[in-house]
Amino acid sequence: MIDRDPEVSDASWIVAGGRPSGAGDPLNVPPVPASNFLLDDDGGGASYARGDATPTWTALEMVLGGLEGADAVTFSSGMAAIGAVFELLPVGAHVTIPADCYQGVAGVVADGETRGRWTADRVATDDTDGWLAAAADTDLLWIETPSNPLLLVGDLGAVAAAGRRPGSLLVVDNTFATPLNQRPLDVGADISIQSTTKFIGGHSDLLGGVATTRDPNLLSRLRQIRTLYGATPGALESYLALRGVRTLAVRLAQSQASANVLARRLSAHQAVERVRYPGLPSDPGHALASAQLGGFGSIVTFDVAGGIGPANRVCARLRLIHHATSLGGVESTIERRASIPGQEHLPPGLLRLSVGIETVDDLWADLDRALAD
Ligand SMILES: *Cc1c(COP(=O)(O)O)cnc(C)c1O
């Protein structure tokens, strides 16, 4: 278990992860790019970073663990964290994943199916009955809510309360919600994972991932898998993520307030066929999202009328909003998701907009101009 500073409550994560102990100390933990460490006289102590951690990633784990009220294991990317979770499964396990989920997870599961590593079923994120039916007979329930990119909302409380196979895992991909809007472990998930590349880092300048858990056995297994396979976070990335997470609350507050405004304005725009955003009262996931989430998030997905051509034209005409993949940065990004390999099933005109912290009226002016005839 990580030794938390007893004076720092989970709510004080802005300063968590290491405090200066004396005059002249830096206020924040600096990047420590070390692979090996001086041993003590008996040959003990932290020796090698892959197994024993570096001060920078330990600080980041304290903050990310504090956010979920758990212990955290950080990785070199979101997919590395996800890979470690799947590696927990016995050979021949059965897994249940969302029909609409992050394409990397879909890819891992399909790859494992081809190799005979596990068998899999897929359930729509918002099909609560489907998840309840799956729960009794699977080794891993993998839920992503709100989902990427359709922003479907899954009923975490209902699934967590369902009768499950002994030893099975309920894992939530919390990347879109962040622990500020949703704490899956509080409702009974075994592991919550995030791509820290997105909102935690927040500046489109790092790759990272994290798994959090309150179960000491899972914690030590996840650490062991990281040590064995070596998907450890870099010192610079950990430092950047630590620096990013300090401002998560203010970035998220601003970007999700703007997302709300933009979702409403887009809904009223004649060039837009449909807006998917759980904060809209008309959204099918609105009631559940209102009960389950602390905020509706900073991602808005919308379908441009006319499909591929008009949607591509919108992306090309935007000037403030970057035509780029990924999400969760201070700068807004937009992408036509059906252009991504493995995402061809999505509506051809569907754009995923990650709202940043620019002035909302500037963002709207950019969108309105790009959507004009
Ligand atoms: C980006 C993302 C991932 C993968 O994370 P990487 O850091 O790119 O490896 C997993 N889940 C969701 C929901 C994501 O958006």
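Read-outs throughout are calculated quantities, based only on the coordinates presented, and are distinct from any laboratory measurement. None of the values given here were measured: they were computed from a predicted structure. Virtual Cβ from ideal backbone geometry, glycine too; neighbours counted across all protein chains shown.
Between Asp129 and Thr359, what length comes free when the chain is fully extended (0.36 nm per residue of separation minus the Cα-Cα distance, one decimal in nm)?
78.7 nm
Taking every pair of distinct Cα atoms and averaging 1/r, then inverting, what Kirkwood hydrodynamic radius in Å comes out for the range 35-156?
Here the Kirkwood hydrodynamic radius works out to 16.8 Å.
Return the whole-Å distance between the Cα centroid of the range 151-178 and the Cα centroid of the range 272-319.
If you average the Cα positions of each part, the centres end up 23 Å apart.
Could you give the Stokes-Einstein D for the range 131-177 in µm² per second, using the C-alpha Kirkwood radius, 20 °C, 1.002 mPa s?
Estimated via Stokes-Einstein, D reaches 195 µm²/s.
For the range 202-282, what is the per residue volume of the convex hull drawn over the alpha-carbon atoms, in cubic angstrom?
So the per-residue Cα hull volume is 170 Å³.
Give the calculated FRET efficiency between Arg115 and Ser220 to the nearest 0.05, with a Förster radius of 30 Å applied to their Cβ-Cβ distance.
0.70
Compute the semi-axes of the equivalent ellipsoid of the range 12-245, taking the square root of 5 times each eigenvalue of the Cα gyration tensor, and list them largest first in whole Å. Please list the in-between numbers first.
Details: eigenvalues 209, 76, 47 Å².
In descending order, the three semi-axes are 32, 19, 15 Å.
Pairs of alpha-carbon atoms within less than 8 angstrom and 6+ residues apart define the contacts here; what relative contact order does the range 248-371 have, in percent? Mind showing how you got there, number by number?
Working: 227 pairs, mean separation 32.8, N = 124.
Dividing the mean separation by the residue count of the range 248-371 yields 26 percent.
As a check on your grasp of the helix formula, calculate [θ] at 222 nm for the chain: sum -39500 (n - 2.57) over DSSP H runs of n ≥ 4, divide by the residue count, round to the nearest 500.
Result for the chain, helices only: -10500 deg cm²/dmol.
Could you sort 49-55, 291-297 so that the peptide with the highest average Cβ count within 10 Å comes first and the rest follow in order? Intermediate results must be reported in sequence, preceding the final value.
On the way: 49-55: 18.4, 291-297: 20.1.
Peptide ranking by packing, descending: 291-297, 49-55.
Running Debye on the range 248-371 with equal point scatterers at the Cα sites and no solvent, what base-10 log of I(q)/I(0) appears at q = 0.11 Å⁻¹?
These q points yield log10 I(q)/I(0) values of -0.33.
Once you have the Kirkwood Rh of the range 59-127 from its Cα pairs, apply Stokes-Einstein at 25 °C and 0.890 mPa s and quote D in µm²/s.
Working: Rh = 13.5 Å.
Rounded, D is 181 µm²/s.
Using only Cα positions of the range 136-216, each an equal point scatterer, no hydration layer, compute I(q)/I(0) via Debye at q = 0.15, 0.22, 0.26 Å⁻¹ and quote the log10 values to two decimals.
Taking Cα atoms of the range 136-216 as identical point scatterers yields -0.53, -1.04, -1.31.
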